[in-house]
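Accompanying notes for the structure given below.
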Amino acid sequence: MNKTIAVIRGDGIGPEIVNEAIGVLDAVAKKFGHGFSYQEAPMGGCAIDSFGVPLPDSSLETCLNADSVLLGAVGGPKWDAQPSANRPERGLLKLRSAMGLYTNVRPARMFSDLAAACPLRSDIAARGIDFVVVRELIGGLYFGEHTTFEADGEQKAADVCSYSEHEVRRVARVAFDMARKRRGRVTSVDKANVLDTSRLWRRTVEEVAKDYPDVELLHMYVDNAAMQIVRDPSQFDVIVTENLFGDILSDEASQITGSIGMIPSSSMGEGTRGLYEPIHGSAPDIAGQDKANPIGTILAAAMMLRYSFDMAAEADAVESAVDQALKAGLRCGDILNGDGKLLGCKAMGAEIRARI
Ligand code: NAD
């Protein structure tokens, strides 16, 4: 198969980690007989420097015309003083919205060789952590009306949270489809004992579930879910939830697996095109020093293979290469503890490539 991938290297460690992910994709293309071509799409601080805006129209066009988009990270202190409408992150929000990416998928998987980095008690970690948080990305509280006003002699503020059935239905379908490819269980998280939006969420998820009789559906209140993720994460397979709850729970889920440098994420809309990136930022403190862990970005490329290109064997090959590198004791600085072998970003990329 031939695929065109838009590449946003971004700022800070972005270019370093994206280079290694591209190296791994090239190794996959060679082994499995595919052709991947890459089109550069400058975005973030580097685009502000060159074009005056965080997402030039030409970059947006490149992303919209590609089969999928691979992103490093954007932002950094150099651009912190930009007016908020022209900050690097604005480029990312504009891109998500233009691509219609309404679902964010973030796996929380603990590599057995990194169990020591898990902050949970060892008997809990020993049960394993392998679940996915499917978060609604362009609705709810973050996209409702925000107002601050004067009333009764003091300042008041309000943020509107609203959901419509179709917004819930489409993200629920992503979760059920994903559960079918995993262990067949969806936990829908809401606050239906208090919120109308949650009651609508629950009713709609139950409607969608009728099309998936082979998938088990459970409901959980968000406060309980926050506790259960640290009490017994092994109970979860796919968690689906709205924007605000998903923002918080997906960060909690990432934290319990160990390093921020290991975790990929994908954002999807209609069709197969997605935006794939590591969950971390541009790490300006280690940029340009060959210290960044490229594994989150490499695993994001694996997600692209699996979910956008329907290349399951190829994705398995990448994930297995990462597993093997970790089993061999190879570590970047962020995941080194004990007697592993310390590697830089480039060397880690090369070791993973060699195991494809
Ligand atoms: P960060 O994720 O960039 O860094 C937090 C800490 O984790 C730092 O100590 C960093 O060195 C370390 N770290 C992150 N990724 C690593 C990796 N791959 N390997 C090894 N160590 C790693 O978060 P921050 O410092 O709060 O943000 C820095 C910049 O990134 C800010 O401008 C922020 O706005 C931006 N940001 C961008 C995105 C994105 O592009 N999607 C996401 C989050 C933050």
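Please give the length that would be gained between K181 and Q82 if that part of the chain were fully extended, namely 0.36 nm times their separation in residues minus their C-alpha to C-alpha distance (nm, one decimal).
This chain segment gains 31.3 nm when fully extended.
Above 34 angstrom, tally the Cα pairs of the chain and express them as a % of all pairs, no decimals.
Of all Cα-Cα distances in the chain, 26 percent exceed 34 Å.
For the chain, modelled as a GNM with alpha-carbon contacts under 10 angstrom, which of A315, A126, A151 fluctuates the most?
Comparing A315, A126, A151 in the GNM, the peak value goes to A151.
So which of K30/K327; K291/K327; K31/K327; K30/K346; K3/K181; K94/K327 end up more than 31 Å apart by C-alpha?
From the list (K30/K327; K291/K327; K31/K327; K30/K346; K3/K181; K94/K327), the Cα-Cα distance tops 31 Å for K94/K327.
Working out 0.36 nm times the residue gap between A328 and A126, then minus their Cα-Cα distance, what length gain in nm do you get to one decimal?
Contour length minus Cα-Cα distance gives 70.7 nm.
Using a 10 Å Cβ count of at most 14 others and DSSP loop calls, identify the longest part of the chain lacking such GluC sites (Glu not before Pro).
1-144
Compute the distance in nm between two label points, each set 7 Å from the Cα along the Cα-to-Cβ direction, one at K94 and one at K30.
3.8 nm
Would you look at the GNM of the chain, springs on alpha carbons closer than 10 Å, and say which of A175, A287, A302 moves the most?
Largest GNM mean-square fluctuation: A287.
Of N293, N243, N337, which is the most mobile in a GNM of the chain whose springs link Cα atoms less than 10 angstrom apart?
Of N293, N243, N337, the most mobile in the Gaussian network model is N337.
Find how many whole Å separate the alpha carbon centroid of the stretch 231-293 from the alpha carbon centroid of the stretch 47-101.
19 Å
Starting from the Cα gyration tensor of the stretch 64-117, take the square roots of the eigenvalues, sort them a ≥ b ≥ c, and report rounded, prolate or oblate (rounded when a/c is under 1.5, otherwise prolate if a/b is larger than b/c, else oblate).
Because a/c hits 1.5 or more and a/b fails to exceed b/c, the stretch 64-117 counts as oblate.
Give me the three principal axis extents of the stretch 95-174 from the C-alpha atoms, as integers in angstrom, largest value leading.
Principal extents (Cα only, largest first): 56, 34, 24 Å.
Of all the C-alpha pairs in the stretch 1-107, what % are more than 18 Å from each other?
50 percent
No lab work stands behind these numbers, since they all come straight from the coordinates. Everything quoted here is computed from the prediction, not taken from an experiment. With ideal geometry, Cβ positions are generated from the backbone for all residues, glycine too; neighbour counts draw on all protein chains shown.
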